[in-house]
Structure formats: C-alpha cells, structure tokens
Amino acid sequence: MAFTLGFVTDLHFGPVAYHDGKLRKLTHHARALTEGVVRAMNEEVHPDLFVNLGDDIEDESHDADLARYEECQSVLRTAKAELVNVAGNHDTVNLAREHLNRVWQREGPLYYSFDRGDHHFVVLHTLEKKDAEVRIPEPQLEWLADDLTTTKLPTVVLMHHSASEQNLDDSFWFRGLPHLALVKERRELRGIFEKSRKVRAVFNGHVHRNHLDVIEGIPYVTIQSLIENLDEDAPGKPAAAYAVATLDTSRIVVRVKGNDPARYQFDY
C-alpha cells in the first residue's frame, strides 16, 4: 500500500532578507504561501505525514523568533495530516530545545525516530555554528546506528542540512561555502545509512534549490525553499515550493510543486 509524504521547508517567517543588496527571501509572503501549501495538503495531496524540514523563521531576537515560530507552526497545524518537524539552523539561533519542543508538543532531543505504516522514519538534528561548520555530534551518530540496527522496516531520513556531495558552484547561497551547506560528518553518516541496508531515501532543505544525488544506491533529495526568490531582485517571484513523495514496496516518486517544479523516481 502506498504511503504519501508532504514536504515544505525553509519558510522563513520574519523580516525581509536581502543579500548583496538584492531581495532574496520573500519572507513577507511566508504566511500566505504556507497557508497555500496547507490548502494543497488538505484538498489535493491528503498525505499520511506532513513534513516540515526546518527554518520556519528568519532569526532576529528571542521574543520575535518565538512569536514567529509559534505563528508558523499554528498555520502548519491546520493541515489535517500529522505534522513532523525538523529543526533548522535559523530556528535554533535564539530558541533552545525546550522552546521548540513546547511548540512541537513533545519532549526529548531534537532527533528522534518513529514508525508509521510500513516505514521507519528518522529525524536528525544538524547543528550549525554560524559562519563555521555544520555538525552531527558523535552521540547522535551512535544513536542513529543503534536505531537503524533495531528497526526491521525500510527507513526514510529527514534532516535540514545536506548529507550528499552536491556541487555548490552554481548555488546562490552556498557557492564557495560547502561547509555551511553540507554536514561535516557526512561520509560517516552515509556509511551508517549504507551499512544498515534499510535507508530508502534522505530528504533535506536548507540549500534553497531542488537537487538530487544518488550515492551507493541511496537518493539524497534537497527540496526548494518555500519563499526563495526565483527572480534577480524585487518585486520577486516566490518558488512557492512544496513536495509530495509517494512510497510503495518497490519505488519512490517525488514531485516538487510550485513555481520551480521537479520530478524524481527511484526504484529499489
């Protein structure tokens, strides 16, 4: 029986964001675009899970960030599907684990796993040190290896930063800055995935584009940001991106919707 995932990422509720003097993140459209994604989930997609891959906010201060994070989550929770959250780097600049957990309505680390349908899902928490690096600490890698040993189910991994080797030479945000887009421990991380022989796909946001790498038979899918400006400057055209992945016993099909569409298919 097919299992459907809906995705949205990098919503960036918050102040308007410029880069090199040009309007790049259409944050002033974030709420309306998020409401549009939720409508699509409720009226067209009807996913079994609705996955938010992180960066709900454009960080500014603790009070502003918390208010905007709660606003974003309140919109996402109008979806009729179960909401699964991943912590993004902007989400955790001014907000601590307890703040996110309270809004997520859960407890414990910001990495966790669960089973739904015939699949196992792993949510990882990548940690970014501003302007320096992106890491997954060793205790989390050890937890992951144990978790994948324990499960008998095909597994989908959800994370904010990328674990692939994608070339960033044509990336607007990360050209010359792979250390701010790719997890430093990515080879070790992929080794854990590969050794388990259970990981069917890995999904991430953060890079603000659509991208696919297949490494040792595992697809690594980067999903475009909801509010990325597809034009060079103001007034701008938002990507309005969300994705739908359909999983069955032999195949995954990923369709990215909105103004920057893409389609990927993987057979096991």
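The values are calculated or read from the model by the stated rules, or taken from the named source; none is laboratory data. Remember, predicted model here, so these are calculated numbers, not experimental data. No Cβ is skipped: glycine too gets one built from the backbone with ideal geometry, and neighbour counts run over all protein chains shown. Only protein heavy atoms, including side chains, enter the accessible area calculation; ligands, DNA and RNA are left aside. Shrake-Rupley method; radii C 1.70, N 1.55, O 1.52, S 1.80 Å.
Details
- Count of the stretch 192-206 residues which are closer than 11 Å to Thr149 by Cα and either touching a Gly at 6+ places or on another chain (Cβ under 9 Å) or of a type in the set (Lys, Arg) (or both): 3
- Contacts under 7 angstrom Cβ, first residue in the stretch 40-67 being more than 22 Å from Glu128 (Cα to Cα), partner open to solvent by less than 10 Å² (accessible area, probe 1.4 Å) and among the aromatic types (Phe, Trp, Tyr), 6 or more apart: Met41/Phe50
- Leu26 closer than 21 Å to Arg116 by Cα and touching an Asp or Glu at 6+ places or on another chain (Cβ under 9 Å): no
- Qualifying positions in the stretch 87-120 - of a type in the set (Asp, Glu) and in a strand (DSSP E or B): Asp115
- Test set (1) farther than 19 Å from Asn229 by Cβ; (2) part of a helix (DSSP H, G or I) - His29 fails condition number: (1)
- Inside the stretch 124-141, residues that are open to solvent by less than 10 Å² (accessible area, probe 1.4 Å) and part of a strand (DSSP E or B) make up a count of 1.
- Residue that is farthest from Val93 (Cα to Cα) [pool: residues in the stretch 104-120 that are within 18 Å of the chain's Cα centre (by Cα) and open to solvent by 20 Å² or more (accessible area, probe 1.4 Å)]: Phe114
- Of all residues in the stretch 225-268, those being more than 22 Å from Val199 (Cα to Cα) and in a loop (DSSP other than H, G, I, E, B) number 18.
- Residue selected from the stretch 200-219 under the condition of a type in the set (A, V, I, L, M, F, W, C) and in contact (Cβ under 8 Å) with a residue 60 or more places away in the chain, by the criterion farthest from Arg24 (Cα to Cα): Ala201
- So Leu5, is it surrounded by 18 or more Cβ atoms within 10 Å (Cβ to Cβ), outside any helix (DSSP H, G or I) and in contact with a Leu (Cβ under 6 Å, 6 or more places away or on another chain): yes
- Of all residues in the stretch 77-101 being of a type in the set (Gly, Ala, Ser) and open to solvent by less than 30 Å² (accessible area, probe 1.4 Å), the one that is nearest to Tyr112 (Cα to Cα): Ala87
- Residue that is nearest to His29 (Cα to Cα) [pool: residues in the stretch 220-239 that are surrounded by fewer than 20 Cβ atoms within 10 Å (Cβ to Cβ) and at pLDDT 95 or above]: Lys237
- Taken together, the criteria place Gln265 among residues that are over 18 Å from the mean Cα position of the chain (by Cα) and either in contact (Cβ under 8 Å) with a residue 12 or more places away in the chain or more than 17 Å from Val51 (Cβ to Cβ) (or both).
- In the stretch 65-86, the residues that are touching a strand residue (DSSP E or B) at 6+ places or on another chain (Cβ under 7 Å) and in a helix (DSSP H, G or I): Asp65, Arg68, Tyr69, Glu71, Cys72, Leu76
This table checks each residue for (1) under 25 Å from Ala239 (Cα atoms); (2) outside any loop (DSSP other than H, G, I, E, B); (3) open to solvent by 10 Å² or more (accessible area, probe 1.4 Å).
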site	(1), (2), (3)
Val122	no, yes, no
Trp143	no, yes, yes
Ser164	yes, no, no
Trp173	yes, no, yes
Lys184	no, no, yes
Gly191	no, yes, yes
Arg200	no, yes, yes
Val214	yes, yes, yes
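- Number of residues in the stretch 245-257 that are open to solvent by 20 Å² or more (accessible area, probe 1.4 Å) and touching a Gly at 6+ places or on another chain (Cβ under 9 Å): the value is 0.
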